[in-house]
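Trainee: Structure below; questions to follow.
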Amino acid sequence: MNLSITHACVPVCPVCGSKMSWTIPFFDREVDAVVRRGNGYHWRLCRACGNGFPSTEPTLAELQIYWNRNRIDEAESPVTQEVWRQRVAASRVWAQHSYDFVVPFVRSDSKRFLDVACGLGETVSLFQKHGWQADGVDADPNAKVFHERLGIRTTIGQMESVDALSRFDLISIAHAIYFITEPRRFVQRVRDMLDDGGLFLVVLSDLLSSLNASYPGYVHTWYPTPSSLIYLLEQEGFEILGSQQFRGSRMVVARKGSRTTPRAHPYRAYWAHLSHGWRYRFIGKPLRAVASLRKRIMRA
């Protein structure tokens with residue numbers, strides 16, 4: 001195990017600016033395998049804050065490939081209807097759970113909501129039904145037709161597309177923050193758009209769970225764990241109010257406040273990255289197989 005610290009010729013952590021880091025495994029599409037590299041494109045883990053980041057951020061074309069895989073092609077109507085049904089069902093589950101989780105933390109007069117990377121718009125729709133002035137923003141122009149079906153107000157574009165003068169009581173982003181370029185600047189932008197005491201809700205896949213087979217890859221701009229996410233939020237003036245695990249993801253709600261000294265657990269994150277493969281192989285994979293078998297038996 002290489003515990004050496006690299007001080008020069010290394011990318012700077014986009015969260016804390018540290019140059020001290022280790023190499024960590026990532027999925028290399030060129031060789032279709034999980035590898036570690038000391039030169040060329042590779043992934044690193046910040047020794048100061050425990051954040052994972054690539055040596056080179058993906059281009060817009062790289063991200064476009066990922067987004068296109070998650071879009072619905074209207075020309076394939078039989079497939080579209082099934083994909084649409086499954087995605088709507090999943091989106092509604094997450095929308096309801098996010099709403100139930102965050103509502104106990106909001107003020108009684110909180111009514112302005114923004115969902116970043118709103119996808120199919122189900123979370124925006126749910127908040128709207130509960131009387132919120134709800135808005136969404138998403139980069140996928142193909143999503144607009146689904147927003148129109150729901151009768152919700154959305155903007156197609158990046159976060160910068162939202163009116164700079166707009167202020168919100170609650171801003172959320174679900175399962176998309178790892179595709180945000182310049183994460184620190186993004187969190188600062190969120191903070192600027194929140195009223196005093198406003199809330200920021202982040203839904204983050206537990207990427208290093210033993211049940212998760214994922215690795216950092218070309219479509220990710222950074223690779224946060226709940227710990228490094230909390231570090232970033234505290235660094236940028238957020239107070240963590242609550243956290244909850246649900247379906248292999250972690251929901252974190254934070255309130256706009258004053259800057260505090262952030263906590264960091266880099267060694268814990270480093271070990272989690274290095275042990276991820278064998279943990280999934282010997283723990284996660286068997287557990288998932290048992291769960292799948294149980295479902296088949298119950299359906300029989």
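Trainee: Out of HIS175, HIS273, I need the residue that is touching a residue at least 60 places away in the same chain (Cβ under 8 Å), in contact with a Leu (Cβ under 7 Å, 6 or more places away or on another chain) and of a type outside the set (A, V, I, L, M, F, W, C). Which one?
Mentor: On the way: HIS175 fails: in contact with a Leu (Cβ under 7 Å, 6 or more places away or on another chain).
Matching residue, one of HIS175, HIS273: HIS273.
Trainee: Mind listing whichever residues of region 205-220 are in contact with a Ser or Thr (Cβ under 9 Å, 6 or more places away or on another chain) and buried (at least 21 other Cβ atoms within 10 Å of the Cβ)?
Mentor: LEU207, LEU208
Trainee: Going by the structure shown, is ARG184 among the charged types (D, E, K, R) and under 30 Å from GLY277 (Cβ atoms)? Talk me through it step by step, then tell me what you get.
Mentor: Values: among the charged types (D, E, K, R): yes; under 30 Å from GLY277 (Cβ atoms): yes.
The answer is yes for ARG184.
Trainee: Check region 75-88 and report whether any residue there is surrounded by fewer than 19 Cβ atoms within 10 Å (Cβ to Cβ) and modelled with pLDDT of 90 or more. Full working, then the answer.
Mentor: Let us first name the residues in region 75-88 that are surrounded by fewer than 19 Cβ atoms within 10 Å (Cβ to Cβ), namely 75-88.
Right, trim to modelled with pLDDT of 90 or more and you get none.
Scanning region 75-88, I find no residue that is surrounded by fewer than 19 Cβ atoms within 10 Å (Cβ to Cβ) and modelled with pLDDT of 90 or more, so the answer is no.
Trainee: How about region 213-244: which of its residues are assigned to a helix (DSSP H, G or I) and in contact with a Lys or Arg (Cβ under 6 Å, 6 or more places away or on another chain)?
Mentor: Matches in region 213-244: PRO226 only.
Trainee: Taking PHE246 as the residue in question, decide whether it is aromatic (Phe, Trp, Tyr) and closer than 26 Å to SER55 by Cβ. Spell out how you get there, then give the answer.
Mentor: Details: aromatic (Phe, Trp, Tyr): yes; closer than 26 Å to SER55 by Cβ: no.
Taking the combined requirement at face value, the residue does not satisfy it.
Trainee: With the requirement that a residue be part of a helix (DSSP H, G or I) and either under 25 Å from GLN245 (Cα atoms) or among the aliphatic types (A, V, I, L, M) (or both), what does region 189-205 give you?
Mentor: If we filter region 189-205 for residues that are part of a helix (DSSP H, G or I), which is where we start, we get 189-193.
Matches in region 189-205: VAL190, ARG191, MET193.
Trainee: Is there a residue in region 167-177 that is farther than 26 Å from SER108 by Cα and small (Gly, Ala, Ser)?
Mentor: First, pick out the residues of region 167-177 that are farther than 26 Å from SER108 by Cα: 175-177.
With small (Gly, Ala, Ser) added as a condition, the list becomes 176.
Looking through region 167-177, at least one residue is farther than 26 Å from SER108 by Cα and small (Gly, Ala, Ser).
Trainee: I would also like to ask the following. Being among the charged types (D, E, K, R) and touching a Ser or Thr at 6+ places or on another chain (Cβ under 9 Å) is the filter here; which residues of region 221-264 pass it? Before the answer, list the steps.
Mentor: Let us first name the residues in region 221-264 that are among the charged types (D, E, K, R), namely 234, 236, 239, 247, 250, 255-256, 259, 263.
If the condition is that a residue be among the charged types (D, E, K, R) and touching a Ser or Thr at 6+ places or on another chain (Cβ under 9 Å), then GLU234, GLU239, ARG250, ARG263 are the ones that fit.
Trainee: Is it fair to say GLY248 is free of Cβ contacts under 8 Å to residues at least 60 places away in the same chain, within 17 Å of ARG288 (Cα to Cα) and surrounded by fewer than 20 Cβ atoms within 10 Å (Cβ to Cβ)? Break it down stepwise before answering.
Mentor: Working: free of Cβ contacts under 8 Å to residues at least 60 places away in the same chain: yes; within 17 Å of ARG288 (Cα to Cα): yes; surrounded by fewer than 20 Cβ atoms within 10 Å (Cβ to Cβ): yes.
When the stated conditions are applied, GLY248 passes them.
Trainee: Does THR181 qualify as being part of a loop (DSSP other than H, G, I, E, B), among the β-branched types (Val, Ile, Thr) and surrounded by fewer than 17 Cβ atoms within 10 Å (Cβ to Cβ)? Full working, then the answer.
Mentor: On the way: part of a loop (DSSP other than H, G, I, E, B): yes; among the β-branched types (Val, Ile, Thr): yes; surrounded by fewer than 17 Cβ atoms within 10 Å (Cβ to Cβ): yes.
Spelling it out, THR181 is indeed part of a loop (DSSP other than H, G, I, E, B), among the β-branched types (Val, Ile, Thr) and surrounded by fewer than 17 Cβ atoms within 10 Å (Cβ to Cβ).
One line per residue, one yes/no per condition, for (1) farther than 25 Å from ASP100 by Cα; (2) charged (D, E, K, R); (3) at pLDDT below 85; (4) in a strand (DSSP E or B):
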site	(1), (2), (3), (4)
PHE146	no, no, no, no
ARG149	no, yes, no, no
THR154	no, no, no, yes
GLU160	yes, yes, yes, no
ASP163	yes, yes, yes, no
ASP169	no, yes, no, yes
SER172	no, no, no, yes
VAL187	no, no, no, no
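Trainee: Could you go through region 197-209 and let me know if any residue there is modelled with pLDDT of 95 or more, aromatic (Phe, Trp, Tyr) and on the phi < 0 side of the Ramachandran plot.
Mentor: Going residue by residue through region 197-209, those that are modelled with pLDDT of 95 or more are 198-203.
Next cut, aromatic (Phe, Trp, Tyr) only: 200.
Filter once more, keeping what is on the phi < 0 side of the Ramachandran plot: 200.
The answer is yes, given that some residue of region 197-209 is modelled with pLDDT of 95 or more, aromatic (Phe, Trp, Tyr) and on the phi < 0 side of the Ramachandran plot.
The values are calculated or read from the model by the stated rules, or taken from the named source; none is laboratory data. Computed from a predicted structure; not experimentally measured. Cβ atoms come from the backbone with ideal geometry, glycine included; neighbour counts cover every protein chain shown.
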